[in-house]
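Written below as structure tokens is the structure these notes are about.
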There are 2 protein chains.
Amino acid sequence: MEGDDTLQLRVFDLNCWAIRYLSKRRQERIQLIGDTLRHQGFDLVLLQEVWSEQDYSDLKARLGSSYPFSHYFRSGVIGSGLCVFSRFPILDTLLYQYSLNGYPYMLQHGDWFCGKSVGLVIIKISGIIFNVYVTHLHAEYSREKDAYLPHRLVQAWELAQFIRHTSKAADVVLLGGDLNMHPEDVGIRLLRGWTGLQDAFTEATRFEGCEDGCTLVPNNCFTVKSELLPFPLGIRIDYILYKAVSSFTVKCEELKTTTGTAPGMDIPFSDHEAVMATLHVRRQEQAVGASLGTIEPALVDVVTEARTEVGVGLRAAQRQRYSTGRLAVLALLLLLLQAAGALGTLAGLAAEQPFPKLSFSLLAFLAIGVLLLATGLHLFHTMEVKMLQGTEEQLRMALRALQERL
Amino acid sequence: MEGDDTLQLRVFDLNCWAIRYLSKRRQERIQLIGDTLRHQGFDLVLLQEVWSEQDYSDLKARLGSSYPFSHYFRSGVIGSGLCVFSRFPILDTLLYQYSLNGYPYMLQHGDWFCGKSVGLVIIKISGIIFNVYVTHLHAEYSREKDAYLPHRLVQAWELAQFIRHTSKAADVVLLGGDLNMHPEDVGIRLLRGWTGLQDAFTEATRFEGCEDGCTLVPNNCFTVKSELLPFPLGIRIDYILYKAVSSFTVKCEELKTTTGTAPGMDIPFSDHEAVMATLHVRRQEQAVGASLGTIEPALVDVVTEARTEVGVGLRAAQRQRYSTGRLAVLALLLLLLQAAGALGTLAGLAAEQPFPKLSFSLLAFLAIGVLLLATGLHLFHTMEVKMLQGTEEQLRMALRALQERL
């Protein structure tokens with residue numbers, strides 16, 4: 001706490017782009033991130049895409065003296081990539097894995113294997129309880145034809161619900177992460193509207209960094225320039241969001257981003273820019289009501305829009321469930337036909353095997369392969385349908401509750 | 001509210017055993033459950049194993065007049081099977097899917113396909129906020145060699161953490177469900193110790209029903225008698241647990257179970273007995289502290305025991321990850337060898353194909369099959385290892401925090 005009951009909190013957020021064997025100059029950058037953070041007096045460091053536990057251990061060893069408390073969130077095949085370093089003791093943690101996260105067969109995108117999640121750490125500073133959330137949502141590979149929009153919306157909704165339900169005893173809520181959504185996208189409007197979180201960039205008294213607060217900029221030597229062609233300034237997809245829930249206020253005094261290179265260096269930390277916020281937390285004389293007390297009518301439109309998009313995803317998933325199911329049935333029929341033919345030959349009904357043995361066996365193996373694959377996909381899309389239906393229903397309930405309160 | 005500021009709440013909990021095509025006399029029993037509940041004045045009905053949404057819709061239609069509010073939790077391939085009917089409006093819901101839940105290849109057990117979860121519904125009665133949880137943990141197929149114990153322990157831990165983190169603004173916490181654990185099992189001691197939940201059976205002023213409160217009894221015509229041989233009275237695995245978190249007290253005035261048949265009928269509701277509790281909620285003059293304020297030293301032993309069991313599971317998962325990985329590599333080597341042989345023949349290095357074409361192709365298909373299967377299993381066990389490691393670390397953190405506070 002400074003004088004007059006104000007606590008200053010400095011938060012650092014970065015998508016580290018640390019994919020083993022794939023990310024360029026990974027170890028050098030991890031070392032650079034560690035060295036820079038050690039000398040800068042942040043209170044909280046929220047990192048994403050630290051996929052390798054070895055990288056986390058390296059960071060932990062490097063940062064141990066300045067940030068004695070840390071947590072790595074494990075999930076999925078590869079890991080969630082999420083970790084937190086803190087100057088203050090971490091009292092408790094919880095991980096929530098999003099129920100939808102892309103498709104296992106989209107190997108070139110690979111999001112499914114990461115088990116995308118939101119991690120919560122609870123920290124108490126000068127008697128103030130901070131619920132700190134770190135997350136990374138599904139990537140957007142094509143803005144024009146964004147096949148993952150319904151999944152990202154389900155994630156945004158689950159994130160909002162998880163924050164609401166777990167932060168009821170917190171004084172201050174902080175969320176940092178790569179949300180893979182532009183500031184005006186429906187998912188971020190839903191998340192902010194439903195939780196009451198404020199955007200550090202728009203609220204900041206002072207800002208210094210990339211124009212419009214962009215965090216994926218053409219100026220960064222690791223970004224794919226062709227993907228940023230429609231956005232000459234870059235895009236803003238990494239955020240620090242916050243709110244005070246009880247008798248506190250939070251103000252963002254300063255927000256900074258790196259600008260294509262790490263401070264004083266010739267290479268960037270990552271292909272994303274780091275976001276650094278200086279927050280002032282102040283105890284209020286009079287307690288304020290819960291943030292959901294003031295519902296804006298615009299929230300109804302946002303929830304409706306989100307529901308429509310989830311509905312589009314639901315119908316696509318239902319179509320895929322149907323077509324994979326039909327394929328499985330066809331493969332099964334072919335196998336049964338072959339089995340009947342083979343049995344007929346064995347029983348001497350046919351004079352001799354009408355097909356060459358090799359083609360016959362190859363066909364059978366192909367049918368078995370298609371049957372297994374199609375069944376697996378059918379089960380997967382059945383799960384997808386269930387989760388999209390569940391979210392759509394929840395959004396419907398939310399809408400009804402909002403309309404009643406308006 | 002009755003006079004003197006006491007609210008009476010009647011809760012009904014039942015594992016309905018409603019598996020389509022498999023459970024005996026399913027539709028008749030669902031009808032019976034609906035008809036009975038309609039005429040009994042329960043306030044809250046917590047059901048498990050309602051796998052089919054059609055059954056839920058049937059129940060909803062039958063119960064609509066008595067319990068106008070309800071929620072069905074969707075998850076997994078089949079569904080979570082969880083639903084709640086309530087006399088009072090449901091304000092909000094949240095679903096948490098357990099990160100481990102058996103193995104997809106254990107088709108005969110099938111738990112994996114259910115996406116086992118805990119569902120939360122928030123209800124406000126006379127100004128008192130109730131957080132009501134309904135859940136169903138992984139089944140125990142063999143008590144002597146319980147291969148699923150580590151998974152069930154991870155679920156019990158996640159359940160405890162989910163309840164703790166989401167119930168901070170609740171006045172009363174209620175949990176109903178089939179926990180698939182005997183009262184003295186480590187998982188239930190962990191759950192109760194870590195959350196402070198009380199067992200309605202042991203706390204009840206009056207009890208009426210099966211001896212020892214058993215909910216799976218030989219007397220029920222649907223139970224498998226051979227499985228209950230070591231337990232002549234049956235076993236108690238279905239629970240109603242509760243606690244008051246703020247300035248309230250909860251007392252269980254009466255607990256009842258069905259006794260092998262539905263009241264006044266000749267068939268049971270299910271292969272499980274229903275658990276019915278009458279709770280009295282009273283506002284206290286003086287607020288009580290959070291239940292975690294009073295830590296019992298025994299909790300340290302419980303957490304240690306749970307950690308040991310999770311460790312056993314972790315080592316088993318690591319062994320399976322290794323052996324499936326090795327199998328995948330061997331299959332890949334065989335395929336490469338075959339490819340080299342085939343290329344050699346094509347290039348005319350060998351005078352003629354040394355193997356018959358049919359066996360050669362069959363072997364190649366077999367190798368591809370083994371490679372795909374082993375790779376899939378390897379990925380699955382990698383996830384399993386990650387989640388067990390994560391839970392073990394959380395238990396270690398919990399242990400450290402407990403020891404510091406003692």
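Tabulated values for the structure
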read-out	value
Qualifying residue in region B:357-367 (condition: surrounded by 13 or more Cβ atoms within 10 Å (Cβ to Cβ), at pLDDT 90 or above, in a helix (DSSP H, G or I) and within 14 Å of chain A (Cβ to nearest Cβ))	yes
A:Ala160 vs. criteria free of Cβ contacts under 8 Å to residues at least 40 places away in the same chain and within 14 Å of chain B (Cβ to nearest Cβ)	yes
Residue in region A:369-389 that is of a type in the set (Ser, Thr, Tyr), away from every other protein chain (no Cβ under 14 Å) and surrounded by 14 or more Cβ atoms within 10 Å (Cβ to Cβ) present	no
All positions within region B:195-210 that are open to solvent by 20 Å² or more (accessible area, probe 1.4 Å) and more than 29 Å from B:Gly260 (Cβ to Cβ)	B:Gly196
Residue match in region A:243-253 (condition: of a type in the set (Phe, Trp, Tyr) and either within 14 Å of chain B (Cβ to nearest Cβ) or closer than 22 Å to A:His138 by Cα (or both))	no
Among residues of region B:390-406, those that are in a helix (DSSP H, G or I), open to solvent by 40 Å² or more (accessible area, probe 1.4 Å) and more than 9 Å from chain A (Cβ to nearest Cβ), counted	6
Test: B:Lys145 is more than 14 Å from chain A (Cβ to nearest Cβ) and of a type in the set (Lys, Arg)	yes
Of all residues making up region A:144-182, the number that are open to solvent by 10 Å² or more (accessible area, probe 1.4 Å) and at positive phi	1
Filter pass, A:Ser80 being at pLDDT below 90 and part of a loop (DSSP other than H, G, I, E, B)	yes
Verdict on A:Ser70 being under 22 Å from A:Arg10 (Cβ atoms), of a type in the set (S, T, N, Q) and either open to solvent by 10 Å² or more (accessible area, probe 1.4 Å) or not assigned by the TED database to the domain that holds A:Val11 (or both)	yes
From A:His182, A:His165, residue being without any contact (Cβ under 8 Å) to a residue 24 or more places away in the chain and in contact with a strand residue (DSSP E or B) (Cβ under 8 Å, 6 or more places away or on another chain)	A:His165
Residue ID - most open to solvent (accessible area, probe 1.4 Å), chosen from residues in region A:74-106 that are closer than 18 Å to B:Ala401 by Cβ and not β-branched (Val, Ile, Thr)	A:Leu91
Residue check, B:Lys116 open to solvent by 20 Å² or more (accessible area, probe 1.4 Å), over 18 Å from B:Gln198 (Cβ atoms), of a type in the set (D, E, K, R) and out of contact with any Asp or Glu (no Cβ under 6 Å at 6 or more places or on another chain)	no
Neighbours by Cβ (under 7 Å, 6+ apart or cross-chain): first from region A:107-128, away from every other protein chain (no Cβ under 13 Å); second among the β-branched types (Val, Ile, Thr) and in a strand (DSSP E or B)	A:Ile123/A:Ile90; A:Ile123/A:Val132; A:Ile128/A:Val172; A:Ile128/A:Val281
Residue in region A:122-133 that is open to solvent by 40 Å² or more (accessible area, probe 1.4 Å) and not in a strand (DSSP E or B) present	yes
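Per-residue answers, yes or no, for (1) surrounded by fewer than 18 Cβ atoms within 10 Å (Cβ to Cβ); (2) touching a Gly at 6+ places or on another chain (Cβ under 8 Å); (3) farther than 21 Å from A:Asp178 by Cβ; (4) at pLDDT below 95:
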site: A:Met1; (1), (2), (3), (4): yes, no, yes, yes
site: A:Asp4; (1), (2), (3), (4): yes, no, yes, yes
site: A:Leu14; (1), (2), (3), (4): no, no, no, no
site: A:Arg26; (1), (2), (3), (4): no, no, no, yes
site: A:Phe42; (1), (2), (3), (4): no, no, no, no
site: A:Gln48; (1), (2), (3), (4): no, yes, no, no
site: A:Glu53; (1), (2), (3), (4): yes, yes, no, yes
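The values are calculated or read from the model by the stated rules, or taken from the named source; none is laboratory data. Nothing here was measured: the structure is a model prediction, and the numbers come from that model. Cβ atoms come from the backbone with ideal geometry, glycine included; neighbour counts cover every protein chain shown. These accessible areas exclude ligands, DNA and RNA; they are computed on the full protein's heavy atoms, side chains included. Shrake-Rupley method; radii C 1.70, N 1.55, O 1.52, S 1.80 Å.
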